[in-house]
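The values are calculated or read from the model by the stated rules, or taken from the named source; none is laboratory data. Remember, it's a predicted structure, so these values are computed and weren't measured experimentally. Glycine also receives a Cβ, built like all others from the backbone with ideal geometry; neighbour counts cover every protein chain displayed.
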Amino acid sequence: MSVIALTLLSGLAACQASDPEVSRFAPDYQGIETQLLDGDLVNFHVSMTGARNTDDVDRYAACAAAQYTLIRGYGFARHLRTNIVEEGGIWRGDAVYTISPALPRGLKTLDAEVVAADCAENGIPMV
């Protein structure tokens, strides 16, 4: 076997060694509580175990916000804030979004249909 072939095979072996790391992600989505604060201001409380980091919790809250937005007959939401804590392996997120029929001003906006479709495709529960 040539040196090049050996180098390629060792590179592939290194890639395979990292694959099990990805397959270990096994989230357990434990629920969503929704509270309408005022007109278009909505608070979402989510909890889960098996999160890799705060991004997983934030994404779960965004999925809840997207579906809620659609249920209310709107198309867009704007993220205002998310507080996340982890205690004893349970991750909890407290997120606030505004919902609206038109694309709101701001940097952290989401198209509810696009986000909800992505969440459904990835098996992330919604409201």
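Looking at GLN67 and the list (1) without any contact (Cβ under 8 Å) to a residue 40 or more places away in the chain; (2) crowded, with 18+ Cβ neighbours inside 10 Å; (3) under 14 Å from the mean Cα position of the chain (by Cα), which single condition is not satisfied?
The one condition GLN67 does not meet is (1).
In this structure, does LEU107 turn out to be assigned to a loop (DSSP other than H, G, I, E, B), at pLDDT below 95 and in contact with a Ser or Thr (Cβ under 9 Å, 6 or more places away or on another chain)?
Spelling it out, it is not the case that LEU107 is assigned to a loop (DSSP other than H, G, I, E, B), at pLDDT below 95 and in contact with a Ser or Thr (Cβ under 9 Å, 6 or more places away or on another chain).
I need the strands (runs of 3 or more DSSP E) fully contained in segment 27-89, keeping only those with at least 2 residues that are among the β-branched types (Val, Ile, Thr) and more than 15 Å from MET126 (Cβ to Cβ).
Here the list reads 76-87.
Please verify whether THR49 is exposed (fewer than 15 other Cβ atoms within 10 Å of the Cβ) and modelled with pLDDT of 95 or more, treating the condition exactly as stated.
So THR49 fits the description; yes.
Which count do you get for residues in segment 92-127 that are over 18 Å from HIS45 (Cα atoms), among the acidic types (Asp, Glu) and touching a strand residue (DSSP E or B) at 6+ places or on another chain (Cβ under 9 Å)?
1
Looking only at segment 74-101, count every residue that is surrounded by fewer than 14 Cβ atoms within 10 Å (Cβ to Cβ), of a type outside the set (Asp, Glu) and either farther than 17 Å from ASP28 by Cα or free of Cβ contacts under 8 Å to residues at least 24 places away in the same chain (or both) and tell me the total.
So the count comes out to 5.
Of all residues being more than 13 Å from the chain's Cα centre (by Cα) and among the acidic types (Asp, Glu) in segment 37-64, which is nearest to ALA116 (Cα to Cα)? Just the residue, please.
That would be ASP40.
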